[in-house]
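*Asks:* My questions will all concern the structure given below.
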Amino acid sequence: MEKHISGTTGLFTLLGTPVGHSGSPAMYNFSFQNQGLDYAYMAFDVKKEQMPEAIEALKLFKVKGSNVTMPCKTVAASLVDDLSPAAKIIGAINVIVNDDGKLTGHITDGIGFVRNLKENGVDIKGKKLVVIGAGGAATAIQVQAALDGAKSISIFNQDDEFFSNAEDTKEKLEDETPEVDVDVYPLSNQDLLKEEIEDADILVNATVVGMKPLDGQSLIDKSMLRPDLVVADTVYNPLKTKLIEDAEEIGAKAIPGKGMLLWQGAEAYTLFTGKEMPTDEYQAYEK
Ligand code: NAD
């Protein structure tokens, strides 16, 4: 396909640091070309403290939209003009849409997680989730699950600086989605973890455990899994974590993190262009 940048090409960006390893430029540029859109996507290495200038630059250069990655997601939320409902609750964004100079921040990680479940035949509505984790990915999943009608969410986290995030999320969701039961427990209480998983529909690992260099490790003892439990991981490197391998061995529905990554990007693409991303074509091209 002919690659063509002209004087009218619309620009989309990725802001954060590091960004050199990101797959986003390849994915979005492929999709723009595949759909014949006169857009281009570039990654810019921007530190947290440079974000106010970067946001001004988006306006100055009429950049049509941007992704935001670590460590800039929280500061970016404080710099845009408006926030999506989930971004308002979470206080972090990974997408900015520039609508004639008005910047709106969105967070698509949770949407991508829920879409990935759906693509695997799992509807989150009315379900009980056990989510291990209280960092960025975990919070996005917990908030989106509540907004999308989950019945209850039991959050477990180790006793570290992230634990209070879970308590904040519980407090915010009590206001925003009072119909959803949210409980927060210490991960060290393994008896309680076992008990909560026993009547859960969906178990999620949203910690860094399982990701390199913690690959080969799982926070969930295999004996806690059962065939009718949906087991989802946010970790996508490696593609199959120990948790996902254990779940497969037990005969549970096992959903790795790669799909969440794809669908959070696809949701951003739709916010950018108003179109569905050509995900099948991109996956075929990537192979
Ligand atoms: P974060 O730094 O915000 O949170 C880290 C979490 O891991 C916290 O809950 C922390 O308590 C927990 N943790 C760290 N070390 C631990 C240990 N030894 N034992 C138990 N818990 C531990 O990270 P994040 O941005 O939320 O990312 C979490 C995971 O989600 C990463 O693997 C990341 O790659 C993945 N992620 C995936 C997607 C996707 O689209 N698939 C998107 C975002 C993040």
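*Asks:* Are there any strands (runs of 3 or more DSSP E) wholly within the range 160-244 with 2 or more residues that are more than 29 Å from P85 (Cα to Cα), open to solvent by 80 Å² or more (accessible area, probe 1.4 Å) and free of Cβ contacts under 8 Å to residues at least 24 places away in the same chain, and if so which?
*Replies:* Qualifying strands (runs of 3 or more DSSP E): none found.
*Asks:* OK, next. Which of the residues belonging to the range 139-159 are near the ligand (Cβ under 8 Å from one of its atoms) and either among the basic types (K, R) or in a helix (DSSP H, G or I) (or both)?
*Replies:* Of everything in the range 139-159, those that are near the ligand (Cβ under 8 Å from one of its atoms) and either among the basic types (K, R) or in a helix (DSSP H, G or I) (or both) turn out to be T139, A140.
*Asks:* Now a separate question. Please work out which one of (1) within 15 Å of the ligand (Cβ to nearest atom); (2) within 25 Å of K118 (Cβ to Cβ) is the condition I197 fails and give its number.
*Replies:* It fails just one condition, (1).
*Asks:* Still on this model: Enumerate the pairs (first residue in the range 270-287 and over 14 Å from I96 (Cα atoms); second residue anywhere and part of a loop (DSSP other than H, G, I, E, B)) with beta-carbon separation below 7 Å, excluding pairs fewer than 6 apart on the same chain, so at least 6 apart or on different chains.
*Replies:* K275/Q35; P278/Q35
*Asks:* For the subset of the range 254-269 comprising residues that are open to solvent by less than 20 Å² (accessible area, probe 1.4 Å) and closer than 15 Å to L14 by Cβ, which member is farthest from the ligand (Cβ to nearest atom)?
*Replies:* Once the filter is applied, the top-ranked residue is Y269.
*Asks:* Inside the range 85-108, can you point out the residues that are among the small types (G, A, S) and either out of contact with any Ser or Thr (no Cβ under 7 Å at 6 or more places or on another chain) or under 16 Å from K59 (Cβ atoms) (or both)? Before the answer, list the steps.
*Replies:* Residues of the range 85-108 that are among the small types (G, A, S), as a first pass: 86-87, 91-92, 101, 105.
Within the range 85-108, A86, A87, G101, G105 meet the criteria.
The values are calculated or read from the model by the stated rules, or taken from the named source; none is laboratory data. All values reported here derive from a predicted model rather than from experimental measurement. Every residue, glycine as well, gets a Cβ built from its backbone with ideal geometry; the counts of neighbours run over all protein chains shown. Surface areas here come from the heavy atoms of the whole protein model, side chains and all, with no ligands, DNA or RNA. Shrake-Rupley method; radii C 1.70, N 1.55, O 1.52, S 1.80 Å.
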